[in-house]
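In what follows, a structure is listed as structure tokens, so that the remarks can point back to it.
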Amino acid sequence: MEDDLNENQESGTDAVKKWIQDNLRIIISVVIVIVIAGGIYSYSKRSETPAEVADMQASDLEQLIEEEDSMEDGETETTETDGEEETTDEEEIAETEKAGEAGEKVEAEKEQVTSVATSKETEKSFIESAQKGEGVTHLARRALSDYLEKSADSELTAEHKIYIEDYLRKKVDFNERVFVGTTVEFSKDLVKEAIAESKNLNDAQLKNLHKYAILVPSLS
């Protein structure tokens with residue numbers, strides 16, 4: 001049995017050899033075709049790879065450019081926004097400064113108003129409004145000045161005027177504290193009375209008043 005098996009194997013081998021010999025040309029042609037096809041395929045792969053790489057690099061480059069453009073746009077927007085914020089801050093500062101200047105101007109105007117003497121004359125009296133730092137004596141001095149503008153008296157010296165304003169201060173019907181805007185009314189009759197009394201002063205009295213008169217240069 002083993003002999004039969006060996007004979008069959010040998011006969012099969014011989015048949016394969018014979019088939020190869022008969023079809024050797026075809027087999028060689030097929031191998032050549034396969035080798036050529038493989039070479040063509042390999043070459044095409046190598047040819048396509050650089051193109052793909054180039055395409056990939058170009059795509060990446062485009063993406064990079066787009067990202068850089070986006071970053072630049074973002075920076076521009078940020079810069080513009082910062083500019084707007086800076087402009088807004090500058091506007092707010094300018095408005096604050098304007099408000100401060102306006103406030104200072106108002107305060108200055110108030111200060112100017114409070115530093116300007118105000119008087120009102122009626123048929124029988126002078127109404128004087130107190131300004132900053134003024135007392136009844138200042139208002140009496142202004143009432144006398146208003147009276148003398150209408151009825152000048154060359155006989156009155158600075159010493160006489162010191163006496164008159166003190167007389168008015170003591171005789172006027174006002175015993176309250178004086179604030180800014182406080183009004184005191186001096187009758188014209190009281191002013192006339194004070195002037196008449198001042199003219200009754202003797203030389204010694206006038207000399208004693210001199211030391212007070214020199215403290216108020218506006219009375220000269």
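No value in this document is a laboratory result; all are computed from the given coordinates. Small disclaimer: the values here were computed from a predicted structure and weren't measured. With ideal geometry, Cβ positions are generated from the backbone for all residues, glycine too; neighbour counts draw on all protein chains shown.
Quick look at the values:
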item: Test: residue in region 201-212 that is surrounded by 17 or more Cβ atoms within 10 Å (Cβ to Cβ) and without any contact (Cβ under 8 Å) to a residue 40 or more places away in the chain; result: no
item: ASN175 surrounded by fewer than 17 Cβ atoms within 10 Å (Cβ to Cβ) and under 57 Å from the mean Cα position of the chain (by Cα); result: yes
